[in-house]
Amino acid sequence: MVEGSALLGVFVIALGMVLTPGPNMVYLVSRSLTQGRRAGVVSLGGVAVGFLVYLVATNLGLSVLFVAVPQLYLAVKLAGAAYLGWLAWCALRPGGVSVFTPQDVPSDPPRRLFAMGLMTSLLNPKIAIMYLSLIPQFVDVGEGHVLTQGLVLGAVQIAVSVGVNLAIVMAAGAVAVFLARRPAWLRVQRYAMGAVLGALAVGLAADTSAPRAAAR
C-alpha cells in the first residue's frame with residue numbers, strides 16, 4: 001500500500017531533521033542533564049504525544065487550510081525561518097553555549113515535565129513544517145487508502161524521532177562529560193549547530209514552493 005521509496009524518503013527526512021539540534025533536543029538534553037534520564041524519558045513522552053497530535057491533525061485535513069489560504073502557509077514558513085534563525089544566533093553569538101552544556105533548570109514533577117515536552121513539540125516549527133508540507137508529498141493517491149498511507153508515513157517519522165531522541169536522552173550525560181573535557185570540541189559542536197540552523201532558516205525563507213494537501 002505504501003511504496004518503499006516513500007517510506008525511505010520519510011525516513012531520511014525524519015532522520016535529518018531529528019539530528020539537527022532544535023527546541024526538542026535542547027529541552028530533552030537539558031532535562032536529562034539536570035534531572036536525570038527518567039526526567040528525560042518522561043519529557044520525551046510529551047514530545048511523542050505532540051507528534052501524534054500533528055499526525056492526526058494533518059491526516060484529518062489541516063493541511064488543506066494552507067492550500068486554501070497560501071498567505072497563512074507563508075506566514076508559518078517565515079515564522080519558522082525566523083525562529084530557526086534566532087536559534088542559530090543563540091548558538092553562534094559570543095557567549096553562546098552548546099546544547100550539551102549543563103544549564104541551571106529547576107526540577108519539575110513528572111506531570112509538568114510531560115506537559116512541557118508536549119508544548120515544546122507542538123510549538124516546534126520543524127515538526128509543523130514536516131507534517132504540513134513534507135510528509136504529504138509522499139502520499140500516492142493512485143495507491144488508494146490515502147488516510148492509511150498518511151498514518152503509516154507519520155508513524156515512520158515518529159519511530160525515527162523517538163528512537164533518536166531516546167538515544168540522546170540516555171547518552172546526554174556521557175556526551176556532556178566528554179565535551180566538557182574537550183572545550184575545543186564543545187565550540188565546534190556549537191558552531192556546527194549554529195551553521196546548520198542558519199542554513200535551514202535561509203533555505204526555509206527562500207523556499208517558494210506552494211503547499212500541497214494530502215488528498216483524501
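Data for the structure
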| quantity | calculated |
| --- | --- |
| Filter pass, residue 189 being open to solvent by 70 Å² or more (accessible area, probe 1.4 Å) and at pLDDT below 75 | no |
| Residues of the stretch 156-173 satisfying the condition of being open to solvent by 50 Å² or more (accessible area, probe 1.4 Å) and in contact (Cβ under 8 Å) with a residue 40 or more places away in the chain | 166, 170 |
| Filter pass, residue 66 being at pLDDT below 70 and part of a loop (DSSP other than H, G, I, E, B) | no |
| Lone unmet requirement of (1) surrounded by 19 or more Cβ atoms within 10 Å (Cβ to Cβ); (2) part of a helix (DSSP H, G or I); (3) in contact with a Leu (Cβ under 9 Å, 6 or more places away or on another chain) for residue 7 | (1) |
| Qualifying residue in the stretch 195-216 (condition: at pLDDT 75 or above, more than 30 Å from residue 94 (Cα to Cα), in a helix (DSSP H, G or I) and open to solvent by 30 Å² or more (accessible area, probe 1.4 Å)) | no |
| Test: residue in the stretch 23-39 that is over 29 Å from residue 109 (Cα atoms) and modelled with pLDDT of 80 or more | no |
| Meets criteria (open to solvent by 60 Å² or more (accessible area, probe 1.4 Å) and either modelled with pLDDT under 70 or more than 20 Å from residue 50 (Cβ to Cβ) (or both)) for residue 180 | yes |
| Residues (open to solvent by less than 40 Å² (accessible area, probe 1.4 Å) and in a helix (DSSP H, G or I)) located in the stretch 18-35 | 18, 23, 24, 25, 27, 28, 29, 30, 31, 32 |
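The values are calculated or read from the model by the stated rules, or taken from the named source; none is laboratory data. Computed from a predicted structure; not experimentally measured. FYI the Cβ positions are ideal-geometry reconstructions off the backbone, even for glycines, and counts take in every protein chain you see. With ligands, DNA and RNA removed, areas are computed over all heavy atoms of the protein, side chains included. Shrake-Rupley method; radii C 1.70, N 1.55, O 1.52, S 1.80 Å.
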